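Scroll down for the structure; my scribbles are underneath it.
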Amino acid sequence: MWLFTLALRNLFRHRSRTLLTGLAIAASFALVALHMHFEYGSWNQRIRGSVEAVSGHLVVQHPDRADDPQVEYVVSRSAEVSGALQRTFPEARVLRRAQVGGLLASPRNTSPLFVSGIEPDREAQVTRIDDLFQDADAARAALDSAPEPTREALQREAERGLGSWLEPQDLRGIVIGAPVARTLEVELGDRVVLMAQVGDELQSIPLVVRGIYSTGIDRADAVVAYTTLQAVQPLLVDPKTGEPVPDPAHQVAVHFEHERGLDALAARAAQAVDRSDLSTLTWRQAMPTLLRQMEVDRSFGIILHVFIGLIVVVVIFTTLLMSALERTREIGLLMALGMRPKHIRAMFWAEAALLGLGGTVAGFVLHLPFYAFLAYVGIDLGDMIAGSSDIAGVVFDPVMRAEFDPDALFYYGPFTFLLTLLASIGPAYKASRLTPVDAMRHT
Amino acid sequence: MPIVTVRGLSRTYTRGEHKVHALREVDLDIEAGEFTALMGPSGSGKTTLLNLIGGLDAPTAGSVVVEGTDLAQLSAGARSDLRRERLGFVFQAYNLIPVLSAAENAEFVLALRGVPAAERRERAHAVLAQVGLKGLEDRRPGQLSGGQQQRVAVARALAGNPAVILADEPTANLDSTTGHDLIELMRELNTRDGATFIFATHDPKVLDAARRVIRLVDGEIDEDNRK
């Protein structure tokens, strides 16, 4: 205890230097913690978006589709599969989807895109595209009576969804993004044709534009359109025979309120489906690319954290070394009075530990308001991330928000603390190797 | 049996290409309870002899035995232990720990020994009172005069009841009155408590007070007089 008292008093001997060193530790912790929270939040956002629009928490699909999303890798008798899953998980939202790549053509132009064949009512429970139409309707309704300052915002809101979301039994409806509508020069009610390669043949499906949406990310809106599953089912044929597949879809997705115990749930789902031609995957298994991207991001993050950590090590090393050199005579006195070399080292380590602990705690406090800003306001990355804001047609919110990553506290906090101890090893050993008589002669 | 036995003690320093013989084959016995002054001109080897007796420095040749323990046989850590447990030091330039109060300085050696806080605080207050510093226990060295700081150093040396107190020019930086008071104090402690004192000094007042005066010249004992 007296060692810590001595260490604390030594730190307070040069307050400004201690304050600056502590601030360096605090700033590095705060920077890394904020980076971790932001990375954690943005990845969670992408994962949630992908789970909503791509895989569900669980997905039943063709065994090869996770690695190679070919159009012919289908789930036949998909309604049976969906029904079995819904009976097994009555509280879950089960929905079927098919994704078809093709050309959407109007009399004036064509546009290459992904068309997602969905069950509109079920899809509306998990994705947010239909909300754009509801919000736009509400904005239009409020527009006439709205005061001037809010009219511009309402106008923008109203333009995000023209027309309506798809009806469940609509076999000819399609909802397209605003950029596609501009390219094709079409409006609500206009006819378009979806052309897709099926086996060796090019097949066409006539459709009518029911809705035009705008998420705010034009690059994503330019490549995704929605129609009903029944509308695209004729394009999902057996690749060998060219014969229709009974009630096909590309996947049957299951959405839960949470993702606890997914592996066990996947096992139950597989048992319920009981089909050897299908595999049941958790979202982690179904989206290996997403996970790989996440791991690469995390690795780069760790490298960045280590570099910042090294800067901390240099700062603390310099401070403690300076302190050791300044106190050479005093260290000689301490040894003359009977402090063993190990006590001298312990004193330096105690100083480093207090500095590290104080700096880390200060860094934690310092980062909270910035974290709050990033968590509640976020950063609008807009077009900057548009190229990577869709995965197989999934649109993400361009406003990235931080989420509290417990690792920042439980991994980087102790890491910062250990770094300060590491940085003190050299100065501590240098001080403890002095001989009392030489040290006391030092001026 | 002497409390300190020095045999054939030599210490040679190398300064560039030159060798400086600070001590040359010194033989000396100090009995328990002695009040001994080492005198001699600057560079005669007084401080070197004190440092070697205190285990702060290692001899080039010869041996120092303190209470039957040959310092040459001890590791650096064990020499630290011996200084902590059996020796007390009063240095010329006060040498207090600046971040500790007078009481904390006085109890420092006891803290190193692991004495419980309450016990060592009580002892520190007692020795500070003994050296006339009652009421100044909470002052830092910077808030004390030179004489008061040297008294704190004496209190620190006494707090652990050491077998031998080694004092290197303890009055050199004090005015004559303060120096005199300090000598009286140490003499009183020697008489009353039987503490063994070995001084290195030029101060005639210390020499007057000493019961044994050893004169060193060029690293050798020139005279050894008991009063």
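Values quoted throughout were computed directly from the atomic coordinates according to the rules given, and no laboratory measurement underlies them. Values in this document were obtained by computation on a predicted structure and should not be read as measured data. A quick note on method: Cβ atoms are made from the backbone with ideal geometry, for glycine too, and the neighbour counts reach across all protein chains shown.
A crude spin-label estimate for the pair residue A:14 and residue A:208, with each label 7 Å from Cα along the Cβ direction, gives 8.1 nm.
Give the dimensionless ratio obtained when the Cα radius of gyration of chain B is divided by 2.2 N^0.38 Å.
Numbers: Rg = 17.2 Å, N = 227, 2.2 N^0.38 = 17.3 Å.
Against the empirical 2.2 N^0.38 Å value, I get 0.99 for chain B.
For the pair residue A:153 and residue A:379, a Förster radius of 25 Å applied to the C-beta separation gives a FRET efficiency near 0.80, rounded to the nearest 0.05. Residues of the stretch A:112-132 falling in the label zone of residue A:230, defined by backbone nitrogen less than 20 Å from a point 7 Å along Cα to beta-carbon, are A:115-125. Evaluating kT/(6 pi eta Rh) at 20 °C and 1.002 mPa s, with the Kirkwood radius of the stretch B:56-155 over Cα pairs in the Stokes-Einstein relation, gives 145 µm² s⁻¹.
Largest first, the extents of the alpha carbon coordinates of the stretch A:58-255 on the three principal axes equal 61, 45, 29 Å.
How big, on average over all directions, is the shadow cast by the Cα convex hull of the protein assembly as shown, in nm²? Can you show the working numbers first?
Details: hull surface 185.6 nm².
Convex hull of Cα atoms, orientation-averaged projection: 46.4 nm².
State which helices in chain A qualify, where a helix is a whole DSSP H run, it must extend 18 Å or more along its own axis by its Cα atoms, and its mean Kyte-Doolittle hydropathy must be at least 1.0. Can you show the working numbers first?
Values: long enough: A:15-50 (51 Å, 0.16); A:129-143 (21 Å, 0.13); A:288-326 (56 Å, 1.44); A:341-376 (52 Å, 0.95); A:413-432 (28 Å, 0.93).
Taking the DSSP H segments of chain A (at least 18 Å long, mean hydropathy at least 1.0), we get A:288-326.
For the pair residue A:357 and residue A:79, what calculated FRET efficiency results from E = 1/(1 + (r/R0)^6), where r is the Cβ-Cβ distance and R0 = 45 Å, to the nearest 0.05? My answer for the efficiency is 0.15. Rounded to the nearest Hz, the phi-derived 3J(HN,Hα) couplings of the stretch B:158-165 under the Karplus curve 6.51 cos²θ - 1.76 cosθ + 1.60 (θ = phi - 60°) are 7, 4, x, 6, x, 6, 9, 10, where x marks glycine and proline. With contacts taken as Cα pairs under 8 Å and at least 6 residues apart, the stretch B:1-111 reaches a relative contact order of 26 percent.
Dipole size in debye (nearest 20) for the stretch A:58-255 around its Cα centre, Lys and Arg Cβ +1, Asp and Glu Cβ -1? Spell out each step's value before the answer.
Working: 19 positive and 30 negative charges, 11 e Å.
Here the size comes out at about 60 debye.
If R0 is taken as 60 Å, the Cβ-Cβ distance between residue A:365 and residue B:12 corresponds to a FRET efficiency of 0.55. Rounded to the nearest 5, the antiparallel percentage of DSSP beta bridges internal to the protein assembly as shown is 70%. A crude spin-label estimate for the pair residue A:103 and residue B:42, with each label 7 Å from Cα along the Cβ direction, gives 10.3 nm. For the stretch B:150-187, the set of trypsin sites (Lys or Arg not before Pro) satisfying both a DSSP loop assignment and a count of at most 12 other C-beta atoms within 10 Å is empty. The magnitude of the dipole of chain A, with charges of +1 and -1 set on the Cβ of Lys/Arg and Asp/Glu and taken from the Cα centre, is near 3100 debye. Taking the square roots of five times each eigenvalue of the Cα gyration tensor of the stretch A:169-224, the equivalent ellipsoid has semi-axes of 21, 14, 10 Å, listed largest first.
Just to be sure I follow the rule: in the protein assembly as shown, considering lysines 8 or more places apart or on different chains, how many pairs have Cα atoms under 28 Å apart? Mind showing how you got there, number by number?
On the way: A:342/A:430; A:430/B:19; B:19/B:46; B:46/B:205; B:46/B:227; B:134/B:205; B:205/B:227.
For the protein assembly as shown, the number of qualifying lysine pairs is 7.
Per residue of A:8-21, how many C-beta atoms from partner chains lie within 10 Å of its own C-beta, taken as a mean?
Numbers: counts 1, 7, 3, 1, 1, 2, 0, 0, 0, 0, 0, 0, 0, 0.
Mean shielding by partner chains, rounded to a whole number: 1.
With a 10 Å cut-off around each Cβ of A:335-347, the average count of Cβ atoms from other chains is 6. Put simply, when B:38-45, A:259-266, A:121-128, A:332-339 are sorted by average Cβ atoms within 10 angstrom per residue, most first, you get A:332-339, B:38-45, A:121-128, A:259-266.
Name the GluC sites (Glu not before Pro) in the stretch A:1-104 that are in a loop by DSSP and that have at most 12 other C-beta atoms within 10 Å, would you?
Values: sites: A:39, A:52, A:72, A:80, A:91; in loops: A:72, A:91.
Answer by residue number: A:91.
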